[in-house]
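Below: the structure, in structure tokens.
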Amino acid sequence: MLDINRIRTNPEEVKNALLKRMDEVDFTELLEWDLKRRQLIASNDEKKAKRNKVSSEIPRLKKEGRDVSDLLSEMKVLSDDIKANDDAIRELEEKINRFLSTLPNIPADDVVAGGKENNKVIRTWGKKPEFSFEPKNHVDLATDLGLVDYERGAKIGGSGYWIYTGMGALIEWALLNNFIEEHLKDGYTFMLPPHILNYKCGYTAGQFPKFTEDVFKVETGEASENMQFLLPTAETALINFHHNEILKEEELPKKYFAYTPCYRKEAGSYRTEERGMIRGHQFNKVEMFQYTTPETSEQALDELVNKAERLVQGLGLHHRVSKLAAKDCSASMGKTFDIEVWIPSMGDFKEVSSASNAYDYQARRGNIRFKRSSTGKTEFVHTLNASGLATSRILPAILEQYQQEDGSVVVPEVLRKWIGTDIIRKP
RNA sequence: GGAGGAGUACCCAAGUGGUGAAGGGGUCGCACUCGAAAUGCGAUAGGUCGGCAACGGCGCGUGGGUUCAACCCCCACCUCCUCCGCCA
């Protein structure tokens, strides 16, 4: 949510910033509603003050035995008038909120305009593996090695689901353990949130109202404000942990991480090159999350990017870090870095982590504030999130990058203590 | 799923239609004291909206309604507690 005061005072500045990610921005109507709203509130507050005053005099007059019936009917008219104005104000506020709640965040100054084509690779780590043999793709490797059962996954859950089996499940679990261990070392607090969330969570995260069709809704009757859905990312849960709270400045930054499966419809987004587990309806992810003061959020973003990158480096995977252009950032985010890992069979880098600063955008939607000790004033916190990491592209990258001529796969050093072997062979 | 009960500030808690929402605990300040305890006095509703401000509006789980006036009456919802049922 953007600050209406900021739009009111600097409409052109906000508009120009938004044009980096939107094709058209027009605040004319919004500002009219806003003006009308404030005028109505001012005049209605005066009427309410009068009503309060008269209402408090009525019992006294009655006690004195005065006839108050004229006064009562006069007040009845005033009260009806107030109610009509309240309705009008509410209607305006609904319009204003509907408008504001669909506006994306303002891109940071150093974020360039435009879409994907303007993303900028800021560093690349490692080298493309060279193979002296014909390398297999991850789907064949996983199937041949008995790590993942795609057919039975589809049999059980439908298209877009798979099953980690035996050693595959062990590797998956080892990855998650590795990530968890690293975050604990860095002093982040481990959370296991519910997987079913209410509407408010999606709203605060900035995913609703726009993307209600992209999540799996849980059947709970009709009413949309009471809807529940399967979480598409733990971010949606973690941003709401402090919903409607006022934190103390000393408690910031709050650093959390959660492991959850992520459930996404991904309707119509399949492409042949995204088969396997590159894009599925359910995948495992460890998510990092921070609540910070405004002045420390940039630094926190660096920390998150570095943490995510260190995990990929720990696994020895060739990857790169990109800074996203405005249109490629998700709506709530003002700045995003993607960490993309090399998938040899695709000849391309695929996202394994997205690290973003939402600035105060989500905090406004969720009313999450902190009290600054020097001034005693409340301010909105900044919120940041980063995957650390999603496994569904890490496992393919490991299989493909670590494969050997005989079809076996070398286990990255850091995972061996959980897997108990340093090489995965055909069972 | 069914039946009851509850939700008031940091905590406990009174208040069933009428000016400022009792009281207690805790916390903070002051006094007394060499200091502390005890005691006494004082402060403790944060927040938010409108306004340059003065000031005013809102605020007793949330949202509606009735009324000149709602913590109080009515409706819906949320959360928690107790009991019953279900429990792969």
- Task: Report, ordered by the first and then the second residue, all pairs with beta carbons closer than 7 Å, sequence separation of six or more or different chains, a first member in the stretch A:42-55 that is closer than 14 Å to A:Lys83 by Cα, and a second member that is within 6 Å of RNA strand B (Cβ to nearest atom).
- Result: A:Arg51/A:Met75; A:Arg51/A:Ser79
- Item | Residue match in the stretch A:13-20 (condition: basic (Lys, Arg) and either within 8 Å of RNA strand B (Cβ to nearest atom) or at pLDDT below 90 (or both)) | no
- Message: Condition (residue is loosely packed, with under 13 Cβ neighbours inside 10 Å and within 16 Å of RNA strand B (Cβ to nearest atom)) applied to the stretch A:201-211: is it met by at least one residue?
- Response: no
- Could you say whether any residue in the stretch A:25-45 is closer than 30 Å to A:Glu298 by Cα, touching a Pro at 6+ places or on another chain (Cβ under 8 Å) and surrounded by 15 or more Cβ atoms within 10 Å (Cβ to Cβ)? yes
- Task: Could you pull out the residue among A:Gly376, A:Gly388, A:Gly347 that is closer than 22 Å to A:Pro261 by Cα and of a type in the set (Gly, Ala, Ser)?
- Result: A:Gly388
- Which of (1) more than 8 Å from RNA strand B (Cβ to nearest atom); (2) loosely packed, with under 14 Cβ neighbours inside 10 Å does A:Leu92 not meet, given it meets every other one? (2)
- Item | Filter result (more than 8 Å from RNA strand B (Cβ to nearest atom) and aliphatic (A, V, I, L, M)) within the stretch A:46-67 | A:Leu61
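Yes or no, residue by residue, for (1) without any contact (Cβ under 8 Å) to a residue 40 or more places away in the chain; (2) in a helix (DSSP H, G or I); (3) surrounded by 14 or more Cβ atoms within 10 Å (Cβ to Cβ):
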{"residue": "A:Asp70", "(1), (2), (3)": "yes, yes, no"}
{"residue": "A:Glu74", "(1), (2), (3)": "yes, yes, no"}
{"residue": "A:Val77", "(1), (2), (3)": "yes, yes, no"}
{"residue": "A:Lys83", "(1), (2), (3)": "yes, yes, no"}
{"residue": "A:Asp87", "(1), (2), (3)": "yes, yes, no"}
{"residue": "A:Ser101", "(1), (2), (3)": "no, yes, yes"}
{"residue": "A:Ile106", "(1), (2), (3)": "no, no, yes"}
{"residue": "A:Asp110", "(1), (2), (3)": "no, no, no"}
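Conditions (1) under 16 Å from the mean Cα position of the chain (by Cα); (2) over 28 Å from A:Phe99 (Cα atoms), marked per residue:
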residue	(1), (2)
A:Arg279	no, yes
A:Glu295	no, yes
A:Arg310	no, yes
A:His318	no, yes
A:Ser330	yes, no
A:Arg364	yes, no
A:Arg369	no, no
A:Ser374	no, yes
A:Thr391	no, yes
- Message: For a quick check of your reading: which strands (runs of 3 or more DSSP E) sit entirely within the stretch A:286-388 and have at least 1 residues that are more than 20 Å from A:Asn105 (Cβ to Cβ), modelled with pLDDT under 95 and in contact with a strand residue (DSSP E or B) (Cβ under 6 Å, 6 or more places away or on another chain)?
- Response: A:335-343, A:348-357, A:369-371, A:378-380
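Every residue, every condition in (1) closer than 22 Å to A:Gly280 by Cα; (2) assigned to a helix (DSSP H, G or I); (3) at pLDDT below 85, yes or no:
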position: A:Gly221; (1), (2), (3): no, no, yes
position: A:Pro232; (1), (2), (3): yes, no, no
position: A:Glu250; (1), (2), (3): no, yes, yes
position: A:Tyr256; (1), (2), (3): no, no, no
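The values are calculated or read from the model by the stated rules, or taken from the named source; none is laboratory data. Just so we're clear, the structure is a prediction, and the values are computed from it rather than from any experiment. With ideal geometry, Cβ positions are generated from the backbone for all residues, glycine too; neighbour counts draw on all protein chains shown.
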